[in-house]
Every structure is written in structure tokens, then in C-alpha cells.
């Protein structure tokens with residue numbers, strides 16, 4: 001076998017493995033659950049599963065919000081999230097460290113589109129579980145380890 005063929009075959013195997021690690025799954029709205037031990041299981045220490053949860057924390061009037069999340073590869077579609085419900089999804093980050101999910105939110109006449117998961121930012125602030133709370137006029141993100149609010153996106 002010549003060297004070019006071996007390198008090409010190795011590249012194809014590597015590409016297939018990488019593609020299999022970047023799967024995404026989304027769950028429809030459900031009552032706000034507490035994460036169980038199974039939430040943090042990984043298929044690989046190198047590419048651990050990431051979880052994103054977006055809670056409905058709109059206290060005035062018990063409103064529903066809509067959310068539509070996407071990445072460069074996945075469209076998680078539009079969801080209506082009622083009072084005390086949560087929208088969640090999980091995925092493997094890509095091997096290049098460039099995974100990005102952004103979501104469009106709408107709460108009555110306010111809304112916006114924001115980066116919900118950015119690999120370079122979130123690999124440190126929420127290594128396995130990224131939690132967001134939708135409020136009447138904003139969405140807030142909290143660090144996984146300390147539960148401190150560190151990101152606030154205001155709706156417009």
C-alpha cells in the first residue's frame with residue numbers, strides 16, 4: 001500500500017469517529033428536573049457530553065416563552081416553554097473546539113437571539129451542565145460550580 005492511500009484511509013476513519021461524536025438530541029419542555037447522576041455520564045473523557053437547560057423563570061403572570069435553538073449542524077426547532085418548564089438538549093462538542101449553539105427567544109413583545117453555548121467560553125464556566133433562566137426582560141446564565149450569574153442578555 002502506498003503512503004498516500006494509508007494517510008487517506010486514516011483520515012476517513014478519523015473523520016467518521018469525529019462525526020459520530022458530534023450528535024445532538026433535544027427534549028421538549030418538561031417540568032424543571034434536578035440533574036441526576038446520569039446527566040453527567042460521558043462516552044469519552046476527551047469529548048464529554050454537554051447539557052444545556054433553559055428554565056422558564058418568568059414570575060409575573062406565569063408566561064410562556066418560545067425558543068428556537070440552532071448550531072451550524074443542528075436545528076432544534078421552535079418550542080413553547082410554559083411556566084415551571086425547562087427546554088434542554090445535549091450534544092458532544094466538535095473536535096475543533098468551535099461548537100456554537102445560538103437561540104432565539106420571544107417573551108410576548110420582547111426577545112432576541114443569543115449565543116447559548118460557545119465552546120471556548122463554556123468549556124470552563126459550565127463543563128458539563130449549562131443552565132440558563134429566562135426572565136421577563138432577559139436571560140441569565142450561571143456558572144456550573146458556583147451557581148453565580150455571570151452572563152445577562154437583555155431582550156429588546
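Any read-out appearing in this document is the output of simple, stated calculations on the displayed coordinates, not a laboratory observation. If you're wondering where the values come from, they're calculated on a predicted model, not measured in any experiment. Reconstructed Cβ throughout: ideal geometry from the backbone, glycine too, with neighbour counts over all protein chains shown.
Counted by neighbouring Cβ atoms within 10 Å, the residues 153, 102, 65 run from fewest to most as 102, 153, 65.
Say a paramagnetic label sat at a point 7 Å from the Cα of residue 143, along Cα to Cβ; which residues of region 113-128 have their backbone N under 16 Å from it? Residues passing the 16 Å test: 121-128. By the count of neighbouring beta-carbon atoms within 10 Å, fewest first, 90, 120 end up ordered 120, 90. With a simple spin-label model that places each label point 7 Å from the Cα along the Cα-to-Cβ direction, the separation between residue 108 and residue 59 comes to 1.6 nm. Among 85, 108, 119, the order by Cβ neighbours within 10 angstrom, fewest to most, reads 108, 119, 85. In region 52-134, the convex hull through the Cα atoms has an average projected area of 5.4 nm², a quarter of its surface area.
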